[in-house]
1. Might you let me know whether the range 353-365 holds any residue that is modelled with pLDDT of 95 or more, of a type in the set (Val, Ile, Thr), open to solvent by 10 Å² or more (accessible area, probe 1.4 Å) and out of contact with any Asp or Glu (no Cβ under 6 Å at 6 or more places or on another chain)?
2. Among the residues of the range 178-198, is there at least one that is of a type in the set (Lys, Arg), on the phi < 0 side of the Ramachandran plot and out of contact with any strand residue (DSSP E or B) (no Cβ under 7 Å at 6 or more places or on another chain)?
3. Just checking, does the range 247-263 include any residue being within 30 Å of HIS90 (Cβ to Cβ), among the polar types (S, T, N, Q) and in contact with a Cys (Cβ under 7 Å, 6 or more places away or on another chain)?
4. Quick one: would you say GLU47 is in contact (Cβ under 8 Å) with a residue 40 or more places away in the chain and acidic (Asp, Glu)?
5. Condition check: part of a loop (DSSP other than H, G, I, E, B), modelled with pLDDT of 95 or more and β-branched (Val, Ile, Thr). Does VAL403 satisfy that?
6. On the given criteria, is GLU155 open to solvent by less than 20 Å² (accessible area, probe 1.4 Å) and not β-branched (Val, Ile, Thr)?
7. Go through the residues of the range 117-140 one by one and say whether even a single one is touching a helix residue (DSSP H, G or I) at 6+ places or on another chain (Cβ under 6 Å), assigned to a loop (DSSP other than H, G, I, E, B), closer than 20 Å to ASP162 by Cα and hydrophobic (A, V, I, L, M, F, W, C).
8. Against the definition (at pLDDT 95 or above, in contact with a strand residue (DSSP E or B) (Cβ under 7 Å, 6 or more places away or on another chain), assigned to a loop (DSSP other than H, G, I, E, B) and open to solvent by 30 Å² or more (accessible area, probe 1.4 Å)), how does ARG60 come out, yes or no?
Amino acid sequence: MKRILPAIICLVLLGMANQPADQPGGNGSAKPESAPMGWSTAAPREEIRPDFSFDPKGGRDGKGSFLISADQREGLNGYWVRTVPIKGTHYYHFHAVRKIENVPVPRRSAVVRVLWQDDGGKPVSADAPAATDYLKGWTPVAEPEYPTDKETDAEGWTEVSDTYRAPVKATRAVIELHLQWAPRAKIKWSEVGLTETTPGAGRKVRLAAVHFRPSGKSPASNCREFAALIEEAAQQHADLVVLPETLTYFGTGKSYAECAESVPGPSTEYFGQLAKKHNLYIVAGLLERDRHLIYNVAALLGPDGTMIGKYRKTCLPRSEISGGIAPGHEYPVFKTRFGKLGLMVCYDGFFPEVARHLSNRGAEVIAWPVWGCNPALASARACENHAYLVSSTYEDISRNWMVTGVFDHQGKTIALAKKWGSVVVAEVDLDQRLYWNSLGDFKAELPRHRPAWGTED
């Protein structure tokens, strides 16, 4: 039976089974005449219901598409809905594609939800590990899942998909295909399927941070003093090693301009050789000269020895402004063999915008060369973005200021350096979800619920 269940579920979603549909949280259920059996429509309130139709020959594959369209009024909100049978503790892959027209913020307006229920249509208890340091005594409930947006093809169809483990008490899944809050908009949903699958292998990565103050004899000497620590990180099978901020400047007594160099340049070439030797990624804090400008940068070196890219610090403290450093204005995120990596530098951590720009662009890990910062803000940047934050600082742990370590999605340090000249490493699984009481998988909800702000990425 287990081998044929995926096909059965796909057939249900395509309308080849005739079971009553659910309308969780909705009113005014209706079934357009051409809709497949088992599918219906719903809206939170009848007066904000958009228009629905079904095109049996529509969709990317020509096998049918679910349409929703809104008139000129603000705030219309409705969805197609279908209930399918599932088995608790089994894994399921949801997949759909959508095509939009006149939808300014798709991440908020073109949304899928998956709800886990029992035979009575009630929410079931959650059984996945959750954050436990807040809402003491809360009875955990399996909150709705929000499949994430993936790539968009040349014809404008965007994949929306994810894989989930069904809660142990769940016997059915409710699929909702939404259009909300987009006047004069249209959306087509197609290729909707929920298929039983096997759990993924995960994406484990070992994140390392170096806690070290170089001697300051010269910029080149400072670089060389990190070699043994990078080798130590490699011996601990690190995939990424983060070094501190402006390491060619620290302790030299020189000005920013005197320590600045081209990037790529001699320092990135040196660290690139070490990255290739040890088959890992290195992030180094440097000072860059570009014509008449000086930037405080974080440079990313790859396992092939080349410089993958750089980030120019955008938030500058008083001393750097007075020292003639210019701010950057871009927030690149880099694809690595373990996942998507963002970079920020020191004072950026005092402000939520930099880390949020990076997480908006998909950063799963943020490497952070940092001279000093409030560690509470470091925790906030990791927690509010659900990104792993890897910091390397010049501050001593006794000062209760910035620390060298790895912060997890709860904002906790899961690796913490306590001695100078040490390397700390944390292994994390980038595919492991963190569930919060009353919120569920908040990382997946972030793009669906955070406000529209300025020009979207």
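1. No: zero hits.
2. Let us first name the residues in the range 178-198 that are of a type in the set (Lys, Arg), namely 184, 186, 188.
Narrowing further to those that are on the phi < 0 side of the Ramachandran plot: 186, 188.
Narrowing the set further to residues that are out of contact with any strand residue (DSSP E or B) (no Cβ under 7 Å at 6 or more places or on another chain) leaves none.
Looking through the range 178-198, none of the residues is of a type in the set (Lys, Arg), on the phi < 0 side of the Ramachandran plot and out of contact with any strand residue (DSSP E or B) (no Cβ under 7 Å at 6 or more places or on another chain).
3. Initial filter on the range 247-263 (within 30 Å of HIS90 (Cβ to Cβ)): none.
Scanning the range 247-263, I find no residue that is within 30 Å of HIS90 (Cβ to Cβ), among the polar types (S, T, N, Q) and in contact with a Cys (Cβ under 7 Å, 6 or more places away or on another chain), so the answer is no.
4. Details: in contact (Cβ under 8 Å) with a residue 40 or more places away in the chain: no; acidic (Asp, Glu): yes.
No: the conditions fail for GLU47.
5. Numbers: part of a loop (DSSP other than H, G, I, E, B): yes; modelled with pLDDT of 95 or more: yes; β-branched (Val, Ile, Thr): yes.
Considered against the rule, which asks whether it is part of a loop (DSSP other than H, G, I, E, B), modelled with pLDDT of 95 or more and β-branched (Val, Ile, Thr), VAL403 comes out as yes.
6. no
7. Taking the range 117-140 first, the residues touching a helix residue (DSSP H, G or I) at 6+ places or on another chain (Cβ under 6 Å) are none.
No: zero hits.
8. Details: at pLDDT 95 or above: yes; in contact with a strand residue (DSSP E or B) (Cβ under 7 Å, 6 or more places away or on another chain): yes; assigned to a loop (DSSP other than H, G, I, E, B): yes; open to solvent by 30 Å² or more (accessible area, probe 1.4 Å): yes.
Answer is yes for this residue.
The values are calculated or read from the model by the stated rules, or taken from the named source; none is laboratory data. Given the structure is predicted, the values throughout are model-derived calculations rather than measurements. All Cβ positions, glycine included, derive from the backbone under ideal geometry; neighbour counts span all protein chains shown. Areas reflect the complete protein model, heavy atoms only, side chains present, ligands, DNA and RNA absent. Shrake-Rupley method; radii C 1.70, N 1.55, O 1.52, S 1.80 Å.
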